[in-house]
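Notes follow once the structure below has been shown.
Please treat every number below as a calculation from the coordinates, not as lab data. Note that this is a predicted model, so its numbers are computed, not measured. Using ideal geometry, Cβ is built from the backbone for each residue, glycine included, and neighbour counts are taken over all protein chains shown.
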Amino acid sequence: MPKASATAAPPAEPASYEAALEELEQLVGRIESGQLPLDQMLAGYQRGAALLAFCRKRLDAVQDQIKVLDETGLNAWAPE
């Protein structure tokens, strides 16, 4: 049987903010359960930090888009 590589491929980037948030919530639940071995807990913490950074980046991008929309002076839609 081949020996497993010491360095695993990094997990894929989440498909969306919602997917990242769901994965992060599940990960926190597993970590908080206290049932993970130390090496898995460390890997979970690292993945959680990456997911948190992804979520922050997406939120910042949306906030920047909202600022642009606000600066253009868009008014609320009103039926004619």
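Mind listing the phi-derived Karplus ³J(HN,Hα) values for segment 14-21, rounded to whole Hz, using 6.51, -1.76 and 1.60 with θ = phi - 60°, and x for any glycine or proline?
The phi angles translate into x, 6, 7, 4, 5, 5, 5, 5 Hz.
Once you have the Cα-Cα distance between GLU32 and TYR45, take 0.36 nm times their residue separation minus that, and quote the gain in nm to one decimal.
Value of the extension gain: 3.6 nm.
How do the peptides 46-54, 33-41 rank, highest first, by the average count of neighbouring beta carbon atoms within 10 Å per residue?
Numbers: 46-54: 15.1, 33-41: 9.9.
The packing order, highest mean first, is 46-54, 33-41.
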